Amino acid sequence: ATEGPKALPTALAEVFQMTRVIALSTDDPWIVGFEVVREVRLLDTSGTWPHAAGGSMAINSGYRGDARAWSREIYSQYPAIEGIWYPSSLIGSPCAALYERAQSAVPTTPSFSRALNDLAIRVAINNAASEIKYVVVP
């Protein structure tokens with residue numbers, strides 16, 4: 001999750017990274033956005049924290065299994081933390097991953113919700129795909 005002008009390219013880059021093909025209809029993908037309804041306590045792993053904790057920035061960009069292990073340890077050691085603030089390993093945009101502890105901060109209805117094959121967002125999808133050099137297919 002991220003916000004601002006890089007939100008859509010970041011989400012698409014993360015979801016379709018294996019093929020670099022944005023399939024608008026396969027498995028009926030949607031883009032959904034929301035604003036939290038209260039402040040959420042996030043651990044920022046985009047700066048010096050990983051090094052200070054005995055790791056490196058690889059927790060944000062390395063092997064996913066290692067990142068998940070770090071996340072489980074963070075979850076265990078920091079009970080007040082509701083998620084992680086990290087840079088996308090693909091395009092560097094800031095992202096947030098929320099733990100279930102943040103559930104009360106998530107609104108009951110999203111502020112934005114559209115199927116990727118919705119014509120109303122086709123230009124935005126095509127522009128984001130062009131920015132990240134992915135191909136769009138129906």
Q) Considering the chain as a Gaussian network with a 10 Å cut-off on Cα pairs, which listed residue, 112, 34, 16, attains the greatest mean-square fluctuation? A) 112
(Q) Taking every DSSP beta bridge with both residues inside the range 1-128, roughly what % is antiparallel (nearest 5)? (A) 75
**Q.** Spin-label model distance (nm) - residue 109 vs residue 135, 7 Å beyond Cα toward Cβ
**A.** 3.9
Q | Carbon and sulfur %, accessible surface of the range 1-127 computed with the full protein complex present, 1.4 Å | A | 56
**Q.** Amide H within-cut-off set for residue 43, under 5 Å, with H built and near neighbours excluded
**A.** 82, 83, 84, 85
Q: Measure off 7 Å from each Cα along the Cα-to-Cβ vector at residue 66 and residue 30, then give the distance between these two points in nanometres to one decimal.
A: 3.6
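Go through the range 1-67 and name the trypsin sites (Lys or Arg not before Pro) that are in a DSSP coil and have 14 or fewer other Cβ atoms within 10 Å of their Cβ. Let's see the in-between values first.
Details: sites: 6, 20, 38, 41, 64; in loops: 20, 38, 41.
When the trypsin sites (Lys or Arg not before Pro) of the range 1-67 are filtered for loop state and at most 14 Cβ neighbours within 10 Å, 20, 38, 41 remain.
Can you pull the semi-axes for the chain, root of five times each eigenvalue of the Cα gyration tensor, sorted largest first, whole Å? Before the final figure, lay out the partial values.
On the way: eigenvalues 160, 71, 29 Å².
So the three semi-axes of the chain are 28, 19, 12 Å.
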Q: Have a look at 95, 32, 48 and report the one farthest towards the positive end of the charge dipole of the range 22-112, computed about the Cα centre with Cβ charges (Lys/Arg +1, Asp/Glu -1).
A: 48
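If you count only protein heavy atoms with a 1.4 Å probe, what accessible area per residue comes out for the chain, rounded to a whole Å²? Display every interim value, and only then the final one.
On the way: 8520 Å² over 138 residues.
Heavy-atom accessible area per residue stands at 62 Å².
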**Q.** J(HN,Hα) series, the range 71-78, from Karplus relation 6.51 cos²θ - 1.76 cosθ + 1.60, nearest Hz, glycine and proline x
**A.** 4, 4, 5, 4, 4, 5, 7, 10
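Suppose only helical runs count, i.e. DSSP H with n ≥ 4. What mean residue ellipticity at 222 nm does that imply for the chain under -39500 (n - 2.57) per run, divided by all residues and rounded to the nearest 500 deg cm²/dmol? Could the numbers behind the result be given before it?
Details: 5 runs with 42 residues, N = 138.
Helix-only estimate at 222 nm: -8500 deg cm²/dmol.
The values are calculated or read from the model by the stated rules, or taken from the named source; none is laboratory data. This is a predicted model, so every value here is computed, not measured. Backbone-built Cβ (ideal geometry, glycine too); neighbour counts: all protein chains shown. The area values use the complete protein model at the heavy-atom level, side chains included, leaving out ligands, DNA and RNA. Shrake-Rupley method; radii C 1.70, N 1.55, O 1.52, S 1.80 Å.
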